[in-house]
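One structure follows; several queries about it will come next.
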Amino acid sequence: MRDAAPQTILLSDYTPFGWQLEKVELTFILAPRATRVKSRIAFVPNPGAPAQDFFLHGEELTLISATIDGTPADTHLTSEGLTAKVPDGAFTWEAEVEIDPANNTALEGLYMSNGMYCTQCEAEGFRKITYYPDRPDVMSVFSVRIEGDLPVMLSNGNPGKKGDGFAEWHDPWPKPAYLFALVAGELVAHSDHFTTRSGKPVDLNLWVRPGDEGKCAFGMEALKKSMTWDEEVYGREYDLDVFNIVAVDDFNMGAMENKGLNIFNSSAVLASPETSTDMNFERIEAIIAHEYFHNWTGNRITCRDWFQLCLKEGLTVFRDAQFTSDMRSAPVKRIQDTIDLRARQFPEDSGPLAHPVRPDHYQEINNFYTATVYEKGAEVIGMLKTLVGDDAYKAALDLYFDRHDGQACTIEDWLKVFEDTTGRDLTQFKRWYTQAGTPRVTVSEAWDDGTYTLTFRQETKPSAATPAPQPQVIPMALGLLNPNGDEVRPTEVLEITQAEQSFVFEDLASKPVPSLLRGFSAPVTLDRESTTEERAFLLAHDTDSFTRWEAGNALARQTLLDMAAKGAAPEPAYLDGIQAVLRDASLDPAYRALMLALPTQSDLAGTLKDKGITPDPDAIWQAVETLRQALAEHLQDLLPRLAAETHVDAPYSPDAEQAGKRALGGAVLRLLTRLDGGKAAAAQYAKADNMTLQLSALGCLISAGKDEAEVQAFYDQWKHDRLVIDKWFGLQIMQATPEASVPTAKALTEHPDFNMKNPNRFRATLGALAGHHAGFHAADGSGYALLADWLIRLDPVNPQTTARMSTAFQTWTRYDAGRQAHARAALERIAATPGLSRDTTEMVQRILA
Ligand code: ARG
Ligand code: ZN
């Protein structure tokens, strides 16, 4: 356990490490309960650093021996590492420690998963492997020797000597310790080759447990596509002889970009048509690309310190989104990302956990792998690209790679390449990195005889993280439409820099309808007094696919808010508008499926709160049910036609075209189920030959309450497959009524297949509960209490996942006094748990503050 009083780390305290590492040699002698790690490190004084004591991080290590230049070192152990007396000049440090991978349930450092050794070192896991300056600005070349009797033993870089009971690896590229990786076990490879554009051959391997060989082909194709794309679009080639990916079942996050040895949560790489949905395939393609792209944005150029996390994550998310847009549909990807940002990042940015894209303080860095750092961080890069233009973006990136290859950098370095390329002053733009909060942009308009004026006002709510927000640079992409639907002004980008600013459009024949924030050109909330007629007009006529979707979404939002808060009836203009869009067979089915997606219930609750109305989760649930029923009835005649249109005859493929059809088909089936009581869903379930169709049918049957036979049959069919059973756990909770959701979640935590040590299973169960808005926020507090019970149990086992899942409580102050009292009691119960981890302590304190 960690110290009682957690320390706050400040960006302003950054100091370079006093030494440079010329090389690192590691030897692992593997044993589940007593692995020995020998290290030999050549230190030389760092001329650019202030004088300091010699300190190495180390946690949960048993020190066997330590020498400096061959004589026993004079060391002093602390709870966080050790200090030692060292000579003035260069010296060689040698140490041996013992660690216990089999008992490492936190899944940080070296641990075991299903009998296989694996590592997770980002952010600060390497210090649980050996004593080391575990900070990203300390880079070195690593040579690794692994001794053990396992058939496959892998580490970073290129393979070296290999013999009976040992394997050696050498990584020629200097790297920080967080990119170190080791894997050993009984694994089989799905192998392939790639030749880089300069002719360098690369061996590609995807390592899995025996039995999973059939789930590798898609991931391998995604890897090769990613390698080609990064050469073509960013001019980046791969730089080692091998690229290894390993699938592990127990993993806290999605995946990890360790140099030459990416480690993946098996849910983020293994795929087959029978066991994975279209959404799984799309996510896997994106994560493979993301981790691969880190080889340049993260590994070759890394972060100076963890405050700069968005330097690699924002950029790499931006790059993987560009990749997905190129591989699939760009408009669909943009809408999906906007939905995701509103669902995950906006609540974070407006609640107690708000922090800038580049935070300036933290207690536990693992708590800052957030939607703000990743997704808002990517949005900031998108805005930069919009502002400077595609050519300047490309030139700036070329300069970034040229200037900073091999370095550990900061956001200042990043912005400087844009300033040097374009001559722009990015001082104000930098506020996107340093200020928390989502700007709200209010729009008003004036029309005077051919002259149209738009006035924008921007305002960001003060928060603990940013008490006095200043105006930001907001790229506002817009177009103007004539009342007949023609575009009179094509898309242009206005730069809003002031708190209030007007833009004038002259010589217009008639008052235009503005199509604002096209392509979601900035991560802001747009506030415009708009009429139902105007939204319906844009839904029917907007020439920009994003704002056209947004018009339908705004109509849905408005009617749901009126229904939930005022008991209004569903808005006919919404029903008619959606019907017209769905009828239009020239529109991509995936796009039409998104038109049927309603704002999430949590999103609606947040919007009500913004308007000064206390949200009632039950009323919101009821509004959504009523609107869906109204849609089903309104579209009654169209649904069978759409079902036929979305039928796929060809053999299953996860490509965008087929997946889009199935997405629309799935949305149609949900509506049909309201009319036929589950007949069509039962038929689809009976003949489904892929997981997308099987799971969507099962979801419909559960929500219709007609699911008993199928829920059991599904379990019997798939009980051998952990990833499919995760879906089975989650779906029953997600599709339950509000009354049934907490009891269902509770019953599933008592199921023999529930295992809190496996993060995927824990998330599938408790995460599904947290995502059930009306269920989790049950008025009697039972949802809060159940989650708190399990977080308290999980914390000593796996602090990182516990802390992450505690974010379910971040919106607790939105709700009524009764719910708040229950939420506070649950949070205080967690906070009062003896020995609570630093991770969870920090989160619960911030949420309660
Ligand atoms: N760098 C990884 C990624 O973005 C995330 C790993 C973070 N892990 C952690 N324990 N904080 O793909
Ligand atoms: Zn990443």
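Quick one: compute the contact order of segment 661-715, relative version, from alpha carbon pairs under 8 angstrom and 6+ residues apart, as a percent.
33
With the contact rule set at Cα under 8 Å and sequence spacing of 6 or more, what percent relative contact order holds for segment 187-283?
Working: 147 pairs, mean separation 24.6, N = 97.
Normalised by residue count, the contact order of segment 187-283 is 25 percent.
Would you mind checking the tilt of helix 309-327 against the longest principal axis of the Cα atoms of the chain, expressed as 0 to 90 degrees and rounded to 10?
Here the helix axis deviates by roughly 50 degrees.
At what distance in angstrom do the alpha carbon centres of segment 12-35 and segment 784-849 lie from each other?
If you average the Cα positions of each part, the centres end up 34 Å apart.
Using a cut-off of 23 Å between alpha-carbon atoms, which lysines can reach Lys23, once sequence neighbours fewer than 8 places away in the same chain are excluded?
Lys38, Lys85, Lys128, Lys161, Lys162, Lys175, Lys259
Counting other Cβ atoms within 10 Å of each Cβ, which trypsin sites (Lys or Arg not before Pro) in segment 1-59 have at most 13 and sit in a DSSP loop?
Loop-located and lightly packed - Arg33.
Please report the relative contact order for the chain, taking Cα pairs under 8 Å with a sequence separation of at least 6, and give it as a percent rounded to a whole number.
It rounds to 9 percent for the chain.
Just rank Ser521, Ser444, fewest to most, by other beta-carbon atoms within 10 angstrom.
With the fewest neighbours first, Ser521, Ser444 line up as Ser444, Ser521.
First check a/c for segment 130-266, with a ≥ b ≥ c the square roots of the eigenvalues of its C-alpha gyration tensor; if it is under 1.5, answer rounded, and if not, answer prolate when a/b is larger than b/c or oblate otherwise. Display every interim value, and only then the final one.
On the way: a/c = 1.43, a/b = 1.09, b/c = 1.31.
Rounded is the answer for segment 130-266, as its axis ratio a/c remains below 1.5.
Loop-only check: which trypsin sites (Lys or Arg not before Pro) in segment 721-781 are DSSP coil with at most 15 other Cβ within 10 angstrom?
Of the trypsin sites (Lys or Arg not before Pro), the ones in loops of segment 721-781 whose Cβ has at most 15 other Cβ atoms within 10 Å are Lys757.
In segment 551-654, which trypsin sites (Lys or Arg not before Pro) are in a loop and have at most 12 other Cβ atoms within 10 Å, using DSSP for the loop call?
Passing both the DSSP loop test and the Cβ count: Lys611.
With a ≥ b ≥ c the root eigenvalues of the C-alpha gyration tensor of segment 653-728, is it rounded (a/c under 1.5), prolate (a/b larger than b/c) or oblate? Present the calculation step by step, with values, prior to reporting the outcome.
Working: a/c = 2.15, a/b = 1.06, b/c = 2.03.
Here segment 653-728 falls in the oblate category.
In addition: Fewest to most neighbouring Cβ within 10 Å: what's the order for Thr646, Thr62, Thr71? All intermediate terms of the calculation are to be shown ahead of the outcome.
Details: Thr646 21, Thr62 11, Thr71 7.
Final ranking by Cβ density, sparse to dense: Thr71, Thr62, Thr646.
Same structure, new question: Report, in listed order, any pair from Lys679/Lys727; Lys200/Lys312; Lys224/Lys394; Lys224/Lys385; Lys416/Lys511; Lys225/Lys706 with a Cα-Cα distance greater than 32 Å.
In this structure, Lys416/Lys511; Lys225/Lys706 exceed 32 Å between Cα atoms.
Between segment 335-372 and segment 198-216, what's the alpha-carbon centroid distance in Å?
Their Cα centres are 34 Å away from one another.
Give the order of Ile263, Ile245, Ile64 when sorted by the count of other beta carbons within 10 angstrom, beginning with the fewest.
Ordered from fewest to most neighbouring Cβ atoms within 10 Å, Ile263, Ile245, Ile64 come out as Ile64, Ile245, Ile263.
Reachable lysines from Lys609, Cα under 25 Å, same-chain residues fewer than 8 places away excluded?
Lys609 reaches Lys376, Lys461, Lys566.
While we're looking at this one, here's another question. Roughly what angle does helix 545-566 make with the longest principal axis of the chain, taking Cα atoms, 0 to 90 degrees, to the nearest 10?
70
For every helix of n ≥ 4 consecutive DSSP H residues, a contribution of -39,500 (n - 2.57) applies; sum these over the chain, divide by its total residues, and give [θ] at 222 nm rounded to the nearest 500 deg cm²/dmol.
Counting only the DSSP helices, I get -12000 deg cm²/dmol.
Also, I was wondering about something else. Cα centroid distance between segment 494-556 and segment 260-325, in Å?
33
Computed from the coordinates by the stated procedures, all read-outs in this text should not be read as laboratory data. No experiment lies behind these values; they were computed from the predicted model shown. Counting neighbours? That spans all protein chains shown, and the Cβs are built from the backbone with ideal geometry, glycine included.
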